[in-house]
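Some notes on the structure that comes next.
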Amino acid sequence: MTASPLKQLADGLWEARADLYSAARAIHFPLRMTVAARQDGGLVLISPISLDDALAAALARIGEVRDILAPNGLHHLHAAAAHARYPSA
């Protein structure tokens, strides 16, 4: 799975996309993480995707990840890995 670079959607709002494939079930899942800026300059990752070094560097250029939000069971797949990368979030 390779994540797309961050794409700015609006002031203080970005997205990154990735794809998840299940060869065993021949299923393709498009994934999207939303990144929102907090008023204090920190970042919130909403429905985190797999964070490679390039995506982590892009995030670091815009702020410090302070919160990770996985709104339901379908969006938690990469939350633990995101927390491991950003343990104070």
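Listed by position, the strands (runs of 3 or more DSSP E) enclosed by the chain include none that has at least 2 residues that are modelled with pLDDT of 90 or more, among the β-branched types (Val, Ile, Thr) and open to solvent by 60 Å² or more (accessible area, probe 1.4 Å). Taking every residue in segment 48-77 that is over 18 Å from SER88 (Cβ atoms) and pairing it with any residue that is assigned to a helix (DSSP H, G or I), at least 6 positions away or on another chain, the pairs with Cβ-Cβ distances below 7 Å are SER50/ALA81.
Here's the yes/no breakdown for (1) of a type in the set (D, E, K, R); (2) over 12 Å from ALA82 (Cβ atoms):
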| residue | (1), (2) |
| --- | --- |
| ALA26 | no, yes |
| THR34 | no, yes |
| ARG38 | yes, yes |
| GLY42 | no, yes |
| LEU45 | no, no |
| SER50 | no, no |
| LEU55 | no, no |
| LEU59 | no, no |
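Checking SER47, SER88 one by one, the residue that is at positive phi and out of contact with any Gly (no Cβ under 8 Å at 6 or more places or on another chain) is SER47 and no other.
The values are calculated or read from the model by the stated rules, or taken from the named source; none is laboratory data. What you see is a predicted model, and the numbers here were worked out from it, not measured in a lab. Don't worry about glycine lacking a Cβ; one is built from the backbone with ideal geometry, like all the others, and counts go over all protein chains shown. For accessibility, only protein heavy atoms count, side chains too; no ligands or nucleic acids. Shrake-Rupley method; radii C 1.70, N 1.55, O 1.52, S 1.80 Å.
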